[in-house]
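Peer 1: Okay, handing you the structure first.
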Amino acid sequence: MSGLLPTPIFGLVEQTLCKVLPGLLCPVVDSVLSVVNELLGATLSLVPLGPLGSVEFTLATLPLISNQYIELDINPIVKSIAGDVIDFPKPRIPVKVPPKEDHTSQVTVPLYLFSTVFGLLQTNGALDLDITPEMVPRNVPLTTTDLAALAPEALGKLPPAQHLLLSLRVTKSPMVLLQNKKATVSIPVTIHVLSSVPQGTPVALFQLNGVMTLNAHLAPSSTKLHISLSLERLSVQLASSFPQPFDASRLEEWLSDVVRAAYMQRLNEHLEVGIPLPKILNVNFANSVVDIIENAVVLTVAP
């Protein structure tokens, strides 16, 4: 109003507004901020990861509030079951999130959060498994007779119809890849093949080094992003220590059947805990649209 009123009148109006407006507007602003703070306070929460550990969400920076949306930079702090903070590498290049449509809520789950969960599984030994014939259906062969048909060089003088034991060990953290609307997990694995002797010590036959490539299927619920895995392929090669070399690729189809029957079910049981999502302004992610972009997963919730 400066310049529109004579100076004496403007001074009187200014004094009046300074006395009246704070009493009218400040309670309104305080009420709005109180509600926002209460809703954002739920974001700062500790969410358990089952037997693996926990995730604590904190605000990394102050919220960016515009006339259309509130933008939050949320920092997930992952802790092991012992309470130690897991220091996971973060990408140097920021994630390029697609443009947000009006009247929608959007949450970005970064790649390093997926990698940390699988890293915890590997550290806790949850990715290791000993597979016995009792763990696979009858149509999946797990005897020396079946192995002899594929690689007779591996058996030596062992008699047929002996049960086999497969010992799967994961010594390195899995690699998670998010890009082009697809999520995959590569797990480096060492497979020890042994002959199970009744009431005796299993006899080591040979060792394989390989990589399991798994397809990751993502499904959101109200508070979590659930992951289930399926085997896409298994590639193996014979360890160099075996005295009589043979083509280990002949075993890949057989091993894939064993892994699908016994290993994948156990692995998906460990993943049932899912990746927790922050409680942002009471947004329900159950019906959100999942979009896999490079190095991140974007969940979009329509009103």
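Peer 1: Is it fair to say residue 86 is free of Cβ contacts under 8 Å to residues at least 24 places away in the same chain and within 16 Å of the chain's Cα centre (by Cα)?
Peer 2: Working: free of Cβ contacts under 8 Å to residues at least 24 places away in the same chain: no; within 16 Å of the chain's Cα centre (by Cα): yes.
So residue 86 fails the test.
Peer 1: Right, something else. What are the residues in the stretch 30-72 that are modelled with pLDDT of 65 or more and surrounded by fewer than 11 Cβ atoms within 10 Å (Cβ to Cβ), if any? Outline the logic, then answer.
Peer 2: Here is the first cut: in the stretch 30-72, the ones modelled with pLDDT of 65 or more are 45-72.
Those that are modelled with pLDDT of 65 or more and surrounded by fewer than 11 Cβ atoms within 10 Å (Cβ to Cβ): 60, 61, 62, 64, 66, 67, 68.
Peer 1: Oh, and also: Search the stretch 130-150 for residues being out of contact with any helix residue (DSSP H, G or I) (no Cβ under 6 Å at 6 or more places or on another chain) and among the aliphatic types (A, V, I, L, M), and hand back the single one that is nearest to residue 175 (Cα to Cα).
Peer 2: Checking each candidate, the answer is 147.
Peer 1: Acidic (Asp, Glu), in contact with a His (Cβ under 8 Å, 6 or more places away or on another chain) and more than 30 Å from residue 71 (Cβ to Cβ) - does that describe any residue in the stretch 258-273? Talk me through it step by step, then tell me what you get.
Peer 2: Residues of the stretch 258-273 acidic (Asp, Glu): 269, 272.
With the extra rule that they be in contact with a His (Cβ under 8 Å, 6 or more places away or on another chain), the set shrinks to 272.
Within this subset, residues satisfying the condition of being more than 30 Å from residue 71 (Cβ to Cβ) are 272.
Yes, that holds for at least one residue.
Peer 1: Against the conditions (1) assigned to a strand (DSSP E or B); (2) touching a residue at least 24 places away in the same chain (Cβ under 8 Å); (3) open to solvent by 50 Å² or more (accessible area, probe 1.4 Å), where does residue 241 fall short? Just the number, please.
Peer 2: (1)
Peer 1: Hey, another quick one. Mind checking which residues of the stretch 177-211 are open to solvent by 10 Å² or more (accessible area, probe 1.4 Å), among the hydrophobic types (A, V, I, L, M, F, W, C) and within 15 Å of residue 233 (Cα to Cα)?
Peer 2: Passing the criteria: only 211.
Peer 1: Right, here's the next one. Restricting to the stretch 162-181, name every residue that is assigned to a strand (DSSP E or B) and either under 24 Å from residue 110 (Cα atoms) or under 19 Å from the mean Cα position of the chain (by Cα) (or both).
Peer 2: Looking only at the stretch 162-181, we keep the residues that are assigned to a strand (DSSP E or B), and these are 163-169, 175-179.
Within the stretch 162-181, 175, 176, 177, 178, 179 meet the criteria.
Peer 1: Here's a follow-up. Pick from 171, 145: which is open to solvent by 50 Å² or more (accessible area, probe 1.4 Å), of a type outside the set (Asp, Glu), farther than 14 Å from residue 254 by Cβ and at pLDDT below 90? Give the steps one after another, and end with the answer.
Peer 2: On the way: 145 fails: farther than 14 Å from residue 254 by Cβ.
So the residue among 171, 145 that is open to solvent by 50 Å² or more (accessible area, probe 1.4 Å), of a type outside the set (Asp, Glu), farther than 14 Å from residue 254 by Cβ and at pLDDT below 90 is 171.
Peer 1: Any residue that is modelled with pLDDT of 95 or more and surrounded by fewer than 18 Cβ atoms within 10 Å (Cβ to Cβ) - is there at least one of those in the stretch 270-283?
Peer 2: Looking only at the stretch 270-283, we keep the residues that are modelled with pLDDT of 95 or more, and these are none.
No; the residues of the stretch 270-283 include none that is modelled with pLDDT of 95 or more and surrounded by fewer than 18 Cβ atoms within 10 Å (Cβ to Cβ).
Peer 1: If you scan the stretch 109-135, which residues turn out to be open to solvent by less than 40 Å² (accessible area, probe 1.4 Å), within 21 Å of residue 275 (Cα to Cα) and not in a helix (DSSP H, G or I)?
Peer 2: Of everything in the stretch 109-135, those that are open to solvent by less than 40 Å² (accessible area, probe 1.4 Å), within 21 Å of residue 275 (Cα to Cα) and not in a helix (DSSP H, G or I) turn out to be 109, 110, 125, 126, 127.
Peer 1: Taking the stretch 186-232 only, how many residues are in contact (Cβ under 8 Å) with a residue 12 or more places away in the chain, closer than 23 Å to residue 151 by Cβ and not in a strand (DSSP E or B)?
Peer 2: Qualifying residue count for the region: 2.
Peer 1: Can you tell me how many residues in the stretch 94-108 are in a loop (DSSP other than H, G, I, E, B) and touching a residue at least 40 places away in the same chain (Cβ under 8 Å)? First the steps, then the outcome.
Peer 2: Keep residues of the stretch 94-108 that are in a loop (DSSP other than H, G, I, E, B), which gives 94-104.
Then drop every residue that is not touching a residue at least 40 places away in the same chain (Cβ under 8 Å), which leaves 95-98, 100-101, 103-104.
Looking only at that region, the number is 8.
Peer 1: Give the stretch 284-300 a look and list any residue that's in a strand (DSSP E or B) and open to solvent by 20 Å² or more (accessible area, probe 1.4 Å), or say none. If you could, list the steps in order and put the result at the bottom.
Peer 2: First, the residues of the stretch 284-300 that are in a strand (DSSP E or B): 289-293, 296-300.
Residues satisfying the conditions are 289, 290, 291, 292, 293, 300.
The values are calculated or read from the model by the stated rules, or taken from the named source; none is laboratory data. In this text, all values refer to a predicted model and were calculated from it rather than measured experimentally. We place every Cβ from the backbone using ideal geometry, glycine too, and count neighbours over all the protein chains shown. Ligands, DNA and RNA are excluded from the accessible area calculation, which covers all protein heavy atoms including side chains. Shrake-Rupley method; radii C 1.70, N 1.55, O 1.52, S 1.80 Å.
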